[in-house]
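A.B. asks: If you scroll down you'll find the structure; I have some questions about it.
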Amino acid sequence: MIFDNKFIQQRIEKTELLKSMGINPYANDSKRNTTIEKYINVNSDLFGIEGKRDEHRHYVVSGRIKLFRVMGKASFIEIEDESGSLQIYVARDNLPEGFYNDVFKKNIETGDIVEVGGYPFVTGQGELSLHASSFKLLTKAISPLPEKFHGITDKEIRYRKRYLDLIMNADVRKTFKIRSNVISLTRRFFEEKGFLEVETPMMHPIAGGANAKPFVTHHNALKIDRYLRIAPELYLKRLIVGGFEAVFEINRNFRNEGMDATHNPEFTSIEFYWAYKTYRDLILITKEYFTYLFDHLNLPTLLPYGDMEINFANFQEIPLIESLTTIGGVPADIVYDKEKIIAFLNSKNLTVKPGLNLGQLQGELFDEFVEEKLIDPTFITEYPVEISPLARRSDTNPDITERFELFIAGREIANAFSELNDPVDQLGRFESQIEAKESGDDEAHEMDEDFIDALSYGMAPTAGQGIGIDRLVMLLTNEHSIRDVLLFPAMKPLHKDELHQDEEEE
RNA sequence: GUCUUGUUAGCUCAGCUGGUAGAGCACGUCACUUUUAAUGAUGUGGCCGAUGGUUCGAAUCCAUCACAGGACACCA
């Protein structure tokens, strides 16, 4: 049974006892008239006042009891609301007859949510507190809180019961406030630039816009399968065809792949598309975006991340092929030779999947020798066309695309390019992706004829970019697991029967 | 998917080469009207993640499974 724990039973008994005394353990008529943060701000003048108290002021605050210190006929408790925590002095003789002994001391405990009225004063130890003259239980907690000093450290409980994590760990609340700010500032930045926020489908007939395995779901009325989107890209470009010139979408993508410190099956990204611009303009707006974020979040441009220090005032730019030799230390004479690249990778004890083309092999070299060395923000440009099925070819070199990825702290943060708007070229790229799929690459891009059709009506020259919000928040909050920046990260079910639900239904 | 570490009271953790379970917090009782993780006294609290095995005897050793953390692989 869910409430068979003895501590919970004990608390349920207290709840019943309170009810029998005419006290509603889940009262609804809160009279709170200030937050704890405001209370502390307004009353900190008492430190400079004779007697360090003002019995003419009166405030009602509420919050969850975090600490409970009884000393005979008086007690100190610490309550916490979203804005902060406050010490309350509760003395027997300032409360109605019998309340202190029979209700407060016996039946109120840590975890309960209470409302306290009284006047501000500073204790002998110098802490601004509230001297209680009224005390009311708002919500009884029948489960006990975790240990008051160590709190809750077990990561599994922290992720599965995020509410407990939020109750016990103030910096977790801080991380998620920063996340919320980042999303809000991102939205504001693009709106101020004249972009239009749009919503495109989450359920796609064809999972396109990225190379990834999709989740499948079923539409009963139409008797067809739908894919949870892996990227919004192809729909946003259709809007550019339609005549919108600057659009963005901040939302979830879903990818049916492994989970680890930087991958969750659902993750948040912003994608934006900007007509009559190129990837050069995207480099500029990306720098501007980071400046905007850092200004509004009051972050220093020199930001610690684990053992690293990232200089956000030092944006670098280097073409991919050049980075292989200058940063990765790959010999310059091999980077255009498939056989030599394979031999080089093998000499480093790295196995290569058979059948990779030159662009893919260059990508392998980059992943292996360059990516993790890019600590300060670095735009890697001029990606091989084979690994960029949606990007526009360079006008001067048909083997490379007008594309960049932004790397920070050894991780990909953004992917951007001048969009391919030649429908015939796009068709050809899709066709070569189909070939790749047939030769075993199950994450190659799908054919999307409707998208080709859209392009055939003419899409203005456009630049588009995606930024991974989760990884960005990780950087800004110095968190090293994506689970620590997701309120409810994906977790395996605890019980086997939940795990094999689908098999039983079949 | 592979390797590795963990899973003991509500929480944080001990428990050595196998001998029948321990602390702190929390909770109960008592004392205490300015404490700061309050304090002092005292008490309650456990299917030692699950299932098998070895053994006279298993929290402890072995195997399998589940979940989690970390690393690697995959994810261009």
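A.B. asks: Please report how far the C-alpha centroid of the range A:440-489 lies from that of the range A:299-314, rounded to the nearest whole angstrom.
C.D. replies: With the range A:440-489 and the range A:299-314 each reduced to a Cα centre, they are spaced 25 Å.
A.B. asks: Please compute the contact order of chain A in relative form: average sequence separation of alpha-carbon pairs under 8 Å and at least six residues apart, divided by the residue count, as a percent.
C.D. replies: 12
A.B. asks: Accessible area per residue, 1.4 Å probe, Å², for the range A:6-145: what's the number?
C.D. replies: For the range A:6-145, the per-residue accessible area is 52 Å².
A.B. asks: Of all accessible surface on chain A at a 1.4 Å probe, what whole percent is carbon and sulfur?
C.D. replies: Values: 12840 of 25790 Å².
Here carbon and sulfur together make up 50 percent of the probe-accessible area.
A.B. asks: Could you tally the net charge around A:Leu284, taking each other residue with its Cβ under 13 Å from the Cβ of A:Leu284, Lys/Arg +1 and Asp/Glu -1?
C.D. replies: Value of the local net charge: +1.
A.B. asks: Please work out whether the range A:348-442 counts as rounded, prolate or oblate from its C-alpha gyration tensor, where a ≥ b ≥ c are the square roots of the eigenvalues and a/c under 1.5 means rounded, while otherwise a/b larger than b/c means prolate and anything else oblate?
C.D. replies: Numbers: a/c = 2.20, a/b = 1.19, b/c = 1.84.
Oblate is the answer for the range A:348-442, as a/c is 1.5 or above yet b/c matches or exceeds a/b.
A.B. asks: On a 0 to 90° scale, report how tilted helix A:6-20 is relative to the longest principal axis of chain A, with both axes built from alpha carbons and the result rounded to the nearest 10.
C.D. replies: On a 0 to 90 degree scale, this one is about 50.
A.B. asks: Please say if the range A:6-145 is rounded, prolate or oblate, where rounded means a/c under 1.5 for a ≥ b ≥ c the square roots of the C-alpha gyration tensor eigenvalues, and otherwise the choice is prolate for a/b larger than b/c and oblate otherwise?
C.D. replies: prolate
A.B. asks: Report the net charge of residues surrounding A:Gly84, where surrounding means a beta-carbon distance below 10 angstrom and charges are Lys +1, Arg +1, Asp -1, Glu -1.
C.D. replies: Net of charged neighbours comes to -3.
A.B. asks: Also: How large is ³J(HN,Hα) for each residue in the range A:220-227, as worked out from phi by the Karplus curve 6.51 cos²θ - 1.76 cosθ + 1.60 (θ = phi - 60°), to whole Hz, x for Gly and Pro?
C.D. replies: Each residue of the range A:220-227 in turn: 5, 4, 8, 6, 9, 7, 10, 10 Hz.
A.B. asks: When ligands, DNA and RNA are left out and all protein chains stay put, how many square angstrom of accessible area per residue does the range A:348-506 have with a 1.4 Å probe? Each step should come with its number before you reach the end.
C.D. replies: On the way: 7530 Å² over 159 residues.
Per-residue accessible area for the range A:348-506 comes out at 47 Å².
A.B. asks: Just to confirm a number: summing +1 for Lys and Arg and -1 for Asp and Glu over residues other than A:Ser143 whose beta-carbon lies under 13 angstrom from that of A:Ser143, what do you get?
C.D. replies: Charge balance in the 13 Å sphere: +3.
A.B. asks: Also: Looking at chain A from every direction and averaging, what is the projected area of its Cα convex hull in nm²?
C.D. replies: The orientation-averaged projected area of the Cα hull of chain A comes to 31.8 nm².
A.B. asks: Could you pull the accessible area for A:Asp45 with a 1.4 Å probe, rounded to 10 Å²?
C.D. replies: 70
A.B. asks: 222 nm [θ] for chain A, helices only, -39500 (n - 2.57) per DSSP H run of 4+, per residue, to 500?
C.D. replies: It comes out at -9500 deg cm²/dmol, rounded to the nearest 500.
A.B. asks: Please determine, in degrees from 0 to 90 and to the nearest 10, the orientation of helix A:338-347 with respect to the longest principal axis defined by the Cα atoms of chain A, where the helix direction is its Cα long axis.
C.D. replies: On a 0 to 90 degree scale, this one is about 50.
The values are calculated or read from the model by the stated rules, or taken from the named source; none is laboratory data. This structure is a prediction, so every number in the text was calculated from the model and none was measured. Virtual Cβ from ideal backbone geometry, glycine too; neighbours counted across all protein chains shown. Remember, those area values only see protein heavy atoms, side chains included, never the ligands or the DNA or RNA. Shrake-Rupley method; radii C 1.70, N 1.55, O 1.52, S 1.80 Å.
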